[in-house]
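Worksheet: one structure, shown below.
The numbers here are math on the coordinates, done by the rules we state, and not lab data. If you're wondering where the values come from, they're calculated on a predicted model, not measured in any experiment. So basically every Cβ, Gly included, is an ideal-geometry build from the backbone, and we count neighbours across all protein chains shown.
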Amino acid sequence: MTSRVHLNPAAPPSVDLAGFGPPDRAPLELHRRLPGYAATPLVELPRIADRLGVGRVLVKDEAERLGLPSYKILGASWAVYREVLAVLEPDLQPWSTVQELAAQLEPYGPRRLVAATDGNHGRAVARMARLLGWSATIFVPAGTVEARTSAIAGEGAEVVVVEGTYDEAVEVAAREADARTLVISDTAWPGYERVPRWVVEGYSTLFNESDDQVAAQDIAPFTHAVVQVGVGALAAAAVRRYRAGGDGVTMLGVEPADAACVLASLEAGGLVEVPGPHRSIMAGLNCGRPSPLAWPLVRDGLHAAIAVDDERAREAMRLLAAGGVVAGESGAAGLAGLVALADEHPQAARRLGLDSDAVVLLVNTEGATDPEAYARVVSG
Ligand SMILES: Cc1ncc(COP(=O)(O)O)c(C=O)c1O
């Protein structure tokens, strides 16, 4: 197993939020009104902390979020809701269930939601369309596993396979926009930033919840936060929470070896694209182009980026399973990066302060979204 690490000594003590406001709880107020809302668990993993030689490891476990196996609906729902407000305002009436909201929308006629996805974001957008009584078309790159495409179709969406990478699927989805078709993308491009900004804002809920859980469980503040990186929207949300106030949290981003576009961009000192095909089993992270919206936060917020191979992801899935956490390939990637750092780059780990005083936050961003592959990996 070989991994590649890039330290980012230029990361400033406090990050400029580049047009994002400080985090607030407005998305959480929406999420509380969606069916099946419950705060996801913050789970302590002492054996993994021992394995890594750090003080404590806590994982925010998003294996089940609002009835779906990934955190992604936090961003998709907030973005779609902001679009709903644009349709309804100034006539929006107070509502407490999504059925009441859908009833208010009915007189305005149907809309279609469109997204490109490696799986989880598209399924979340499809779920939002279903809840609102709208249709959805979801574009997936060639090679997306059947379990993930059928889960999206199971939400009632039309699934279209694009013969190309995730980044090409994004381009196809972008062309669908019209008066009644709303493109809900988690990545940005020139002239399209409003929706991906809402997506980043929506992810704040998982950090708000973990703030509450840390306070309730009397846990010392996190010294480190580790996030897996696809286009960088989740990482931007984490930077917004942990790096804007100069509160001393060290951040690590983790990517698959052949889709390490943020690591490559940090090395190059500017946005670069890593051409496909991107074939990692960490499907949610198979992105060749960082989101230009997320990039300034990611560039300044991450203290290090690490690129890992699929074997590290499998190892991390098994470690998490032994700790009682069901983590899919992309979900386990954060831990994969930490283990690779500890085993292969001990000097870098020391420089990043990963020692017995460290209190590390991981995010398990997905459960077993490809159940057969999950069973094979964990039993092997
Ligand atoms: C399970 C999972 N984890 C992490 C990510 C990475 O998120 P981002 O693309 O915002 O960097 C994704 C993105 O699709 C994902 O599906």
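For this structure, a couple of remarks:
- Sorting Val227, Val214, Val195 from the fewest to the most surrounding beta carbons within 10 angstrom yields Val214, Val195, Val227.
- Stretchable slack from Ala375 to Ala268, in nm (0.36 nm times residue separation minus alpha-carbon distance): 34.6 nm
- FRET efficiency for the pair Tyr108 and Asp247, taken as 1/(1 + (r/R0)^6) with r the Cβ-Cβ distance and R0 = 56 Å, rounds to 0.80.
- Ratio of the Cα radius of gyration of the chain to 2.2 N^0.38 Å, where N counts its residues: 0.92
- Of all DSSP beta bridges confined to the chain, the antiparallel ones make up roughly 25%.
- Nearest-20 debye value, the chain charge dipole, Cβ charges on Lys, Arg, Asp, Glu: 200 debye
- Exposure proxy order (Cβ contacts within 10 Å, fewest to most) of Ile48, Ile281, Ile219: Ile219, Ile281, Ile48
- Using alpha-carbon coordinates, inclination of helix 310-322 to the longest axis of the chain, degrees: 90 degrees
- Annotation: region 1-133 has a Kirkwood hydrodynamic radius of 18.1 angstrom, from the mean reciprocal C-alpha pair distance.
- Fewest neighbouring Cβ atoms within 10 Å first, the residues Val15, Val145, Val114 line up as Val145, Val15, Val114.
- Degrees, to the nearest 10: 233-242 long Cα axis against longest axis of the chain: 60 degrees
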